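Here the structure comes first, spelled out in structure tokens, and everything after it is commentary.
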Amino acid sequence: MMSIKLIAVDMDGTFLNDEKRYNRTRFLAQYQQLKEQGIRFVVASGNQYWQLISFFPEIADEIAFVAENGGWVRDAGQDIFNCELPLAHFRQVVDFLHTLPDVEIIACGKRSAYTLKRYNDELKAMAALYYHRLELVDSFDNLDDTFLKFGLNLPDRLVPEVQKALHEGVGDLMTAVTTGHGNIDLIIPGVHKANGLRILQQRWGIEDSEVVTFGDSGNDLEMLRQAGFGFAMQNACEAAVEAANHRAPHNNDEGVLQVIDKVLRREAPFH
């Protein structure tokens, strides 16, 4: 009989509803049962670690986080892994990004995220939702931090052509992945959510076949493919649906929590 030992969830469009909330009472009751059954719970998101812990104040010190799309992995408040973009690469990428007229840049470091003072207030308001630590700077020169990735904000309609331009311009240094509405993340090649999960699985002795993942967009593809049970949300993009071998109900219908109930009861497909 097979057993599930790890559940990993993306946040936006997956675990959270469109109002950026989840049913805390229902989930915390499930979490206690997961613990009793020895099943680990991991938050795997493109978002900043400092933002992610704010969603789980009760349990943030005991669960694991694959933050910044795999750039930073922490388990029970302890650093397990972080990538580091070399300074020369950081400068090269920033120089290239400045040539793209409609792209606003957020540089994601361990200590904080950084964006330019000259950007409009709309971006700053949006960024504040996703980055609990955000510094407004005059330029990206001389920042003292370890850089994990870039978050790019741009008009939705330009995403395909900008993704192509990024691939041609800095594709040897960084991979462009879509994360949802008008947003692209630039990540170090091979440093994605699945890589972060693999690091945790090795630490805990968990096989891919014992893992359940949930996602909805382009930065979830690797972890949806890698897991024995990859669930694309009802609201997922086409690429995520193709990468997954299962479907979960809509993010606005507590889709993840519905499937977690099946894991806990060992109902199909988990029997």
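Coordinate-derived values only; no laboratory data. Please read these numbers as outputs of a predicted model, since none were measured by experiment. Every residue, glycine as well, gets a Cβ built from its backbone with ideal geometry; the counts of neighbours run over all protein chains shown.
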Sorted largest first, the Cα spans of segment 87-187 on the principal axes come out in Å as 30, 29, 20
With 0.36 nm assigned to each residue of separation and the Cα-Cα distance removed, residue 158 to residue 136 gains 5.4 nm
Across all Cα atoms of the chain, Rg and the largest Cα-Cα distance (Dmax), in Å, are 18.1, 58
With the label point 7 Å along the Cα-to-beta-carbon line of residue 80 and a cut-off under 19 Å to each amide N, the hits in segment 179-205 are 188, 190-205
CD proxy, 222 nm, the chain: helix-only mean residue ellipticity via -39,500 (n - 2.57) per DSSP H run with n ≥ 4, per residue, nearest 500, stands at -9000 deg cm²/dmol
If exposed means trypsin sites (Lys or Arg not before Pro) lying in a DSSP loop and surrounded by at most 12 other beta carbons within 10 Å, then the longest stretch of the chain lacking such sites spans residues 119-271
Checking segment 202-245 for GluC sites (Glu not before Pro) in a loop per DSSP with at most 16 other beta-carbon atoms within 10 Å yields 207
Over all directions, segment 221-271 yields a Cα convex hull whose mean projected area in nm² is 3.3 nm²
Taking a ≥ b ≥ c as the square roots of the eigenvalues of the Cα gyration tensor, with a/c under 1.5 meaning rounded and otherwise prolate when a/b exceeds b/c and oblate if not, segment 182-267 is oblate
In the chain the DSSP beta bridges are antiparallel at a rate, in percent to nearest 5, of 55 percent
Expressed in Å to one decimal, the Kirkwood Rh of segment 10-146 from all distinct alpha-carbon pairs is 16.6 Å
